[in-house]
């Protein structure tokens, strides 16, 4: 009889542990929700479309391109322009050559999440840019997004959102700003959506969360754009004549579908005269960036200037000797004959198999 009781007790113990673990997880989620709901929206930042804020956001987007370490936020001109910023962590994915960082600006009570855009000459970035067929965006029934952008986000996501949620728990009264230029803008969009899906209290255009991108291409279809508009405060800065925000096209592409922009467009019409002057427009407004004929589009102004900040100048005047930069740690600039590009584009796996790690093509 005694032996029977001991046996029963041993069987019950794992169930108790599982229930305890689930209870602790549930309490943690409830605690995070209470913190977010109880924390007032900080006014330290001010309007996100103010000139100083827009310049800071552009600098934070440019900082993602910097080759120097950001650990001490002592990287040269861009770090000087955003003095007081505290580096938290960085993240990268070698398969698709994507990277970014998380930082804080305590005085403005702001958490920054910034993603690097396309590096000129990076074949793996070009794959993310140019594989434009659409994938189902599973969090939103009926929505579709750019395959290359979604693929790049899914590769880097495990290194971002969990760390970000931990930081939000520590700083519940901070705003959270997602930033990025070009490809980085698309990644920032998907990152912001991932956060509000995991922390629903931050959805429905919660003032604590915003998205500020620069030269961002279209990222998803009309259903996706509507979802973003319903859930995120988003501003997209576009310089007159920039080709990239006009891609992929808004008209239907056979066998692919159509794309639409979301959010508010901040249109810089005369960058050579005053790159801080802009017009506020609705997405796809025919009187703003959409008014420029296709024959006048190009890449001259894709890097800016945005409010006086040019992305191509990110590595100018660094407190770091670029000549000693170890390119062996960043070997994804040129074509690699040993890399399975077909696999990473999922050419063979177009039936839905996620062959995204460069070695599995979903054959």
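Express in nm, to one decimal, how much length is gained between residue 133 and residue 173 on full extension, taking 0.36 nm for each residue of separation and deducting their alpha carbon distance.
Values: separation 40, 0.36 × 40 = 14.40 nm, distance 3.97 nm.
Fully extending the segment from residue 133 to residue 173 adds 10.4 nm.
What length, rounded to one decimal in nm, is gained on full extension from residue 207 through to residue 223, with 0.36 nm per residue of separation minus their alpha-carbon distance?
On the way: separation 16, 0.36 × 16 = 5.76 nm, distance 2.25 nm.
Additional length available on full extension: 3.5 nm.
Would you please give the FRET efficiency between residue 287 and residue 198, computed as 1/(1 + (r/R0)^6) with r the Cβ-Cβ distance and R0 = 56 Å, to the nearest 0.05? Could you put the intermediate results ahead of the total?
Values: r = 38 Å, r/R0 = 0.67.
Efficiency, from the Cβ-Cβ distance: 0.90.
Only the coordinates and a few stated rules stand behind these numbers; no lab work does. Values in this document were obtained by computation on a predicted structure and should not be read as measured data. Heads up, the Cβs are rebuilt from the backbone with ideal geometry, glycines too, and the neighbour counts pull from every protein chain shown.
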